[in-house]
Each structure stands twice: as structure tokens, then as C-alpha cells.
1. When region 184-197 is examined, which residues are found to be within 20 Å of THR3 (Cα to Cα) and not in a strand (DSSP E or B)?
2. Going through region 85-115 one residue at a time, which ones are in a loop (DSSP other than H, G, I, E, B), surrounded by fewer than 19 Cβ atoms within 10 Å (Cβ to Cβ) and not aliphatic (A, V, I, L, M)?
3. Just for region 1-25: of the residues that are of a type in the set (Ser, Thr, Tyr) and part of a helix (DSSP H, G or I), which one is surrounded by the fewest Cβ atoms within 10 Å (Cβ to Cβ)?
4. Determine which member of the set SER137, SER104 is out of contact with any strand residue (DSSP E or B) (no Cβ under 7 Å at 6 or more places or on another chain) and more than 17 Å from THR44 (Cα to Cα).
5. Does region 72-85 contain at least one residue that is of a type outside the set (A, V, I, L, M, F, W, C) and within 30 Å of GLN211 (Cα to Cα)?
6. Which one of LEU42, LEU56, LEU23 is touching a residue at least 60 places away in the same chain (Cβ under 8 Å) and over 14 Å from THR86 (Cβ atoms)?
7. Residues of region 52-73 being exposed (fewer than 14 other Cβ atoms within 10 Å of the Cβ) and in a loop (DSSP other than H, G, I, E, B), which ones?
8. Output the residues belonging to region 67-95 that are without any contact (Cβ under 8 Å) to a residue 60 or more places away in the chain, in contact with a Pro (Cβ under 8 Å, 6 or more places away or on another chain) and closer than 30 Å to ALA166 by Cβ.
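Each value in this text was obtained by applying a stated rule to the coordinates, not by laboratory testing. Remember, it's a predicted structure, so these values are computed and weren't measured experimentally. Note that each Cβ is placed from the backbone with ideal geometry, even for glycine, and that neighbours are counted across all protein chains shown.
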Amino acid sequence: MATNLIFIADPMCSWCYGFAPELDALQQGLPEVPVEIVLGGLRTQQQPLDADGRQLIHTHWEQVQAATGLTFSSTALDTEGFIYDTEPACRAVVTARGIAAQTSLPVFHAIQQAFYAEGRDVTQAAILAEVAAQAMSNAGHAIDAGQFQEIWSSAAMVDATQADFALTRNWDVQGFPTLVLERGRDLDLVTSGFVTMPVLVERLEELVEQQAAA
């Protein structure tokens, strides 16, 4: 029976950023289990953040930093007129997945690093293309930023991204990150929200034991 993990997330979700080291550790321990990514579309808005919205996000980031020890740069967030629209970043991951599926997670993590740790504005096409192309090249699929941006801009990638968002809604995902264990036609929730790697392992073991006892 084919077994894999489905990671439902958004590269501009702060708890997904906090979850990245936990997922990486899990993958290192279970290299034989593929991880597929579905993009969630956390925020798809077109209005600049106001002071209250910016402060609320800062509060979330402080909570993630306290729980994980990860560092944050608010350079992009604090830029006047910043629009917290996660669709472009999600579309960059979908684009990478469409070009070379094995690069989707490296691109996802590279966008997280660029936005949260480096404070870069990953809502901007040129920055996204640069970050994604470098991550794809590092993962073994060379592509230049211009070529990536051209594909990213296509109607096909816009539609594919919206299909991911629709799938997330259809699955009634309650929060990000969400991790699901897929075995054949069976889907079992591993976590909805941030947990540490040992908790992930414990929950996976419980699911395996439940199936064995069935």
C-alpha cells in the first residue's frame, strides 16, 4: 500500500514557519515516506495592513518565536502599504511543483526564510522568482528567474493555485500547518496546528497501531 504525508500549509503562515524544523526532522527520520504539499491560501486580500492588523501579526510572530526560538525580521511587514496577500507565494510553490515536484518543499522553505528571517517582500514577483529559482537550482533543477516568473505568471498556474485552495476548503482544513497520513484511499489527520517532532512520531505510531489492530 502506498504511504505518504500530505502537508497543507502556506509559506506566509508564521506557525508553518515554526513547524519547518519539526517537519524537516520528521523527514530525516522517515526518508522513505514522500511528503506532498497542498497550498492553503491563508490570506488573499488586496488591502494594505492597517496598524491594528500589523500589530496582531506581530503578536502571532512573537508567539511563534517564543515557542520555537526562530528569528523574525519585520522589514517587509512594517513597510508602509504592505499587502499581506499570500496567493503569489503559494503560486510560486505550485509553480515549482508543476515544473519539478521534488523542488516544491525546498521552494516553500526558501520563501519562508526570505520572508520571515530576511524580511523580504515575497508578495513581489521578481523577489519570488529569484528566491524560487535559486531554491530549485539548489535542489537539482536549474532554472533562471525570468523563466520561472514567466511560468508563475501564466493562467495555468493561477488556476492550479486556486485548485489547491479549493481542495483545502473541501477537506475542511481548520488551521495551518496540517499534516495528513495517506495510505491507499485512507486519509488520517496527524496534526492540525503546530506540534513538535516527537509528538508527530507518537501520532504516526498510534495511527499505524490502529490500522494493525483493525
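1. Within region 184-197, the first condition is being within 20 Å of THR3 (Cα to Cα), and the residues that meet it are 184-192, 197.
Across region 184-197, the qualifying residues are GLY184, ARG185, MET197.
2. Pass one, region 85-115, residues in a loop (DSSP other than H, G, I, E, B): 85-86, 100.
Still in the running and surrounded by fewer than 19 Cβ atoms within 10 Å (Cβ to Cβ): 85, 100.
Result: ASP85, single match.
3. Of the residues in region 1-25, the ones of a type in the set (Ser, Thr, Tyr) are 3, 14, 17.
Those left that are additionally part of a helix (DSSP H, G or I): 14, 17.
Working: SER14: 24, TYR17: 27.
The residue in question is SER14.
4. Numbers: SER104 fails: out of contact with any strand residue (DSSP E or B) (no Cβ under 7 Å at 6 or more places or on another chain).
It is SER137.
5. Initial filter on region 72-85 (of a type outside the set (A, V, I, L, M, F, W, C)): 73-75, 78-81, 84-85.
Subsequent filtering for residues that are within 30 Å of GLN211 (Cα to Cα) retains none.
There is no residue in region 72-85 that is of a type outside the set (A, V, I, L, M, F, W, C) and within 30 Å of GLN211 (Cα to Cα).
6. Working: LEU42 fails: over 14 Å from THR86 (Cβ atoms); LEU56 fails: touching a residue at least 60 places away in the same chain (Cβ under 8 Å).
Exactly one of LEU42, LEU56, LEU23 is touching a residue at least 60 places away in the same chain (Cβ under 8 Å) and over 14 Å from THR86 (Cβ atoms), namely LEU23.
7. GLY69, THR71
8. Matches in region 67-95: GLY81, PHE82, ILE83.
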